Each structure stands twice: as structure tokens, then as C-alpha cells.
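The values are calculated or read from the model by the stated rules, or taken from the named source; none is laboratory data. Bear in mind the structure is a predicted one, so any value in this text is a computation, not a measurement. Virtual Cβ from ideal backbone geometry, glycine too; neighbours counted across all protein chains shown.
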Amino acid sequence: MPKRDTLLSRAEVMSSLRRFYASVARPLKSWVVIAAVGVVSCFGGNMMPREVIPQPVPTASGPPPPLADDPSTQVDKLYADLVARRTALSLPTRPPSAPEACEPVCAIDDPPDKPSSTAGCTPGAGSACSTACAQADATCDDAAQICAIAKDLRTDAVVAGRCRDARVTCADAHAPCCYCKSR
């Protein structure tokens, strides 16, 4: 046999690689693909159903809205109504009184009676006078409710101040009713 050179020709190398690829690499390549698909499917999903983890509920910012039966909310609504009635009666706007310290409790006085219930109040007979007296009576009703809530709370200086303002507004409301003359 002739002595072969240890170096292979290019054609022989290519032929050897093709034979190797046909016998080993092609089947190996299929197994690699199958293994990769299997690994991905195992890690990608679970055959058992998972329990859904509840997501946190987004919360609102700021304090919760006031309750409808909250005394402070009731006083705020009544006081806003009182201010509107003061404007409707063309009464002068007074600055709100400064809150006084309530130690141990606030001193709360009752507001005056309604103008229609006051002795000596004789309004005129016209529609303007009856409207003024209805507004004045409603103003004093609001003042009475504000002061009743203030008596219940007893230690709330802001509500006590609103009661003082409401009493003054009720007293001021007597004039447009009691001194009204029909035209």
C-alpha cells in the first residue's frame, strides 16, 4: 500500500464531514430541537391550575367622604343654607366669629323665636312681606337646628361659633319680616 500523506485533501475532508453530518449531527440536531421544545414547555406552563393571586385594590386618596348623618356635615349644610337666606333677605354679611375655647364644654344659647311667633311682630299683608317672613322663619329654623346640634356636641368650638353666627342672623332676620310694609 502506498504511503499516505497525513494531510487530507480538501475533497476528503468535505466528504468526511458530510458522512459525519449524515450519521451523527442530523439526528443529534433533531434531538436538540425536541429537548429545547420540551424544556420550554415544562418551564413555560404548569399542567396544574394555579390559584389566582388577588391584586391589591387601588385606594382613593384623601379622607373618606363624610357620612350623611355626620353632625358636622349637617351643620355645614344648614350653615350654607343660612348664609344663602341671609343674602336673600339682604342682611349685612358679618365676619364669622372666632372659635372660642370650650373648657370643659361650650356655652350654647338658644336662638330667638321665629319672627312669625314673636309677640309684637306685625308684617304687612303683601306677597313681599310674606316672602320675607317665610325666609326669616326658615333662617331661624336653621339656627335652631344648628344650635341643637352644637348642644349635642358641646365640645366642638367651630360648631359653637356657627351657632353664635346663626343666632345673630336669626335676630337680624326679624327686621325684614316684622317691619315690612306692603306697598
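Here are the numbers for this structure:
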read-out: Those residues of segment 39-66 which are surrounded by 10 or more Cβ atoms within 10 Å (Cβ to Cβ) and either at pLDDT 80 or above or under 30 Å from residue 158 (Cβ atoms) (or both), in sequence order; value: 66
read-out: Yes/no for residue 75 being at pLDDT below 75, of a type in the set (Val, Ile, Thr), in a helix (DSSP H, G or I) and surrounded by 10 or more Cβ atoms within 10 Å (Cβ to Cβ); value: no
read-out: Failed item, numbered, when residue 106 is tested on (1) surrounded by 19 or more Cβ atoms within 10 Å (Cβ to Cβ); (2) at pLDDT 85 or above; value: (2)
read-out: Hits in segment 133-183 - residues which are in a helix (DSSP H, G or I) and among the hydroxyl-bearing types (Ser, Thr, Tyr); value: 139, 169
read-out: Residues within segment 166-183 that are charged (D, E, K, R) and touching a Leu at 6+ places or on another chain (Cβ under 8 Å), tallied; value: 1
